Amino acid sequence: MSLLALSTLNLEAVLLLFSALWLIAQLNRDPSFVDAFWALGIVLIALIGHAMTAGATWRHTLILGLVLLWGVRLATHLFLRWRAEGADRRYVKLLSDVRQKRGWSYARTTLLFIFLPQAALLWLTSLPVQFGQAFGADAGLGPVAAFGALLAVFGIGFETVADHQLRRFRHEPGNEGRVLDAGLWAWSRHPNYFGEACVWWGLWLIAAETGWGALALPAPVFVTFTLLKLSGISLQEADIQSRRPEYEAYRARTPAFIPRPPRHS
C-alpha cells in the first residue's frame, strides 16, 4: 500500500474514532477522557499500518511493538487518572472561555475546539509511524534505527518512572499543595514530558533511516514544541505559583525539561 493510500486510511480511521468519542462526550459532559484515547489512536494507526503494508519486516514489527508499549501504558495511566481526578481544568477553562465568548453550544464547542483538532494533530504526530511502515520494507535495521529504538525505550521507561513517582506522591497524605522534588523530579520539573519527547524522536529516527521517512520530521518537532510552549509546560506553570508556594524555589534550582543533577541552594 502506498503512503498516500495508507495515510488516507489512517485519517479516516482517526476521524471515525474521534467522532465516536465526541458522541460519548455529549453524554458524560466531560471531554477530558480524550487524552487517554489520543495514545490509543496512535496504536490504532500502527495496527492498521502493520496489517496493510506488505510483509512483517523487522522495522514494521519494531515500530508496532514500541507504539503498543508506549500507547497502552500511557492510555491506561491517563484513563485511570481521569477516573480518579475528574475533569481536567484545562478543558474546563477552554470550554468556559469559548462558550462565553462565542455563545456556542457544548456540542459545537467540543467538536471544533477539542475533538476535530485532536484528530488532525494525532494524524500529524503519527507521521513517523506511518512513514516507517510505508517505506523500507526491504531494508534491514541499521545503526540509526537501533539508536532510535534505544532512545524510544529510554523515553518510555523515563516517562513511566516519572508518572509512577508523581502518582505515589499525590496519594501520600499531607502532600496537598506541596511540590515533588525527589527522584526524577529533582532532575527536571517535567521528566514525563522529556520522556515523551524522547519516544517521538526515537520513532522518527527509525523512520528516517528509510530515507523518505526523514520527511516525518514535523511530528517530533510538533510534539516537542507542544510540550514546551502550548499545552505542556507553559500552560501547567501559568498559575502554579498560586497553588504551590514552594514552586518558585523549585523552579530556580531545577531545569524545566532536559534533566540535569539537582542544584542545591
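One table, with the values for the structure above:
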{"item": "Top of I48, I156, I63 by mean-square fluctuation, Gaussian network on the chain, Cα under 10 Å", "result": "I48"}
{"item": "Estimated FRET transfer efficiency when R0 is 35 angstrom, pair R102-W58 (beta carbons, to 0.05)", "result": "0.10"}
{"item": "Sorted by Cβ density within 10 Å, fewest first, the residues S2, S32", "result": "S2, S32"}
{"item": "Loop sites in the range 217-265: trypsin sites (Lys or Arg not before Pro), DSSP, at most 16 other Cβ within 10 Å", "result": "R263"}
{"item": "Among P128, P191, P173: highest mean-square fluctuation, GNM of the chain, C-alpha pairs under 10 Å", "result": "P173"}
{"item": "Label corresponding to Cα Rg over 2.2 N^0.38 Å when calculated from the structure given, among (1) 1.06; (2) 0.92; (3) 1.01", "result": "(1)"}
{"item": "Cα centroid separation, the range 46-82 to the range 151-212 (Å)", "result": "18"}
{"item": "Net charge, L21 excluded, C-beta distance under 13 Å - Lys, Arg +1, Asp, Glu -1", "result": "-2"}
{"item": "DSSP-loop trypsin sites (Lys or Arg not before Pro) across the range 26-129, with at most 16 other Cβ within 10 angstrom", "result": "R29"}
{"item": "Mean Cβ count within 10 Å, highest first, over the residues of peptides 160-170, 201-211", "result": "201-211, 160-170"}
{"item": "Fewest-first sequence of T8, T109, T125 by Cβ atoms within 10 Å of each Cβ", "result": "T8, T109, T125"}
{"item": "Using θ = phi - 60° and Karplus 6.51 cos²θ - 1.76 cosθ + 1.60, couplings along the range 163-170 (whole Hz; Gly, Pro as x)", "result": "5, 5, 5, 5, 4, 5, 4, 5"}
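Each reported figure results from applying straightforward, stated rules to the coordinates on display, with no laboratory input. Computed from a prediction, not measured in an experiment: that's the story for all the values here. No Cβ is skipped: glycine too gets one built from the backbone with ideal geometry, and neighbour counts run over all protein chains shown.
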